[in-house]
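Worksheet for the structure shown next.
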Amino acid sequence: METGSREETGIPDSEPVWRGLERGLLRVRRLLVVAWTAVLTAAAGLLPGLLAGPAWAAFAVLPPALAAWGWRLLERNWRSWRYTERADDLLISRGVLWREETVVPYGRMQLVEVTSGPLERRFGLATVQLHTAAAATDATIPGLDPAEAERLRDRLTELGEARSAGL
């Protein structure tokens, strides 16, 4: 029994188009790693060196070593984030070792927020926060271009209102 063509049901014929995050998010996160590494290196080298002796100042190499490892992990994590708008819901996928996919039905959305802190604004980024009827399914998409974030907010709000009107 056929229920109708894909066009009649509102489902697009092609596969969903996945979108990634802006590269500026990776730059912001790496900037934070560098800043924290400088602070931790000074603390790890200076405090033990002054209190316990110069040999203990060798602990200053630990923060840069960890930062170098984290530098590569940040890019892998950034690449793992993506989202797509489907016929009835928004799908957000993220994670390197533990993949996490969040499906947010348009009809369950109660509030869509766009936020941008000082560092995000400096790098031309914004975050979309989706609040749903169930707090456990709230979702966030960081690192978007502000124009894309506003477009997504307006579209999701429009679709949410249309889907919830039928309830």
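The values are calculated or read from the model by the stated rules, or taken from the named source; none is laboratory data. As the structure is a computational prediction, the values presented were derived from the model and not from experiment. Neighbour counts are summed over all protein chains in view; Cβ atoms, including those assigned to glycine, are modelled from backbone coordinates with ideal geometry. Accessible surface is based on the protein model in full, side chains and every heavy atom, while ligands, DNA and RNA are left aside. Shrake-Rupley method; radii C 1.70, N 1.55, O 1.52, S 1.80 Å.
General observations
- A35/A87 FRET efficiency (R0 41 Å; Cβ-Cβ; nearest 0.05): 0.45
- Helical runs (DSSP H, four residues minimum) scored at -39500 (n - 2.57) apiece and divided by the length of the chain put the mean residue ellipticity at 222 nm at -15000 deg cm²/dmol.
- Counting protein heavy atoms only, segment 21-167 has 62 percent of its accessible area on carbon and sulfur, 1.4 angstrom probe.
- Relative to the longest principal axis of the Cα atoms of the chain, helix 23-52 runs at roughly 30 degrees.
- In the chain, the longest principal axis of the Cα atoms and the axis of helix 146-164 are about 40 degrees apart.
- Shown is the FRET efficiency for L62 and R99, computed with R0 = 30 Å from the Cβ-Cβ distance and rounded to the nearest 0.05: 0.50.
- Accessible area of segment 16-131 divided out per residue, in Å², using a probe of 1.4 angstrom: 62 Å²
- Each of (1) 25, 17, 17; (2) 23, 19, 17; (3) 44, 16, 14 is a candidate for semi-axes √(5λ) of the Cα gyration tensor in Å; the one calculated from this structure is (3).
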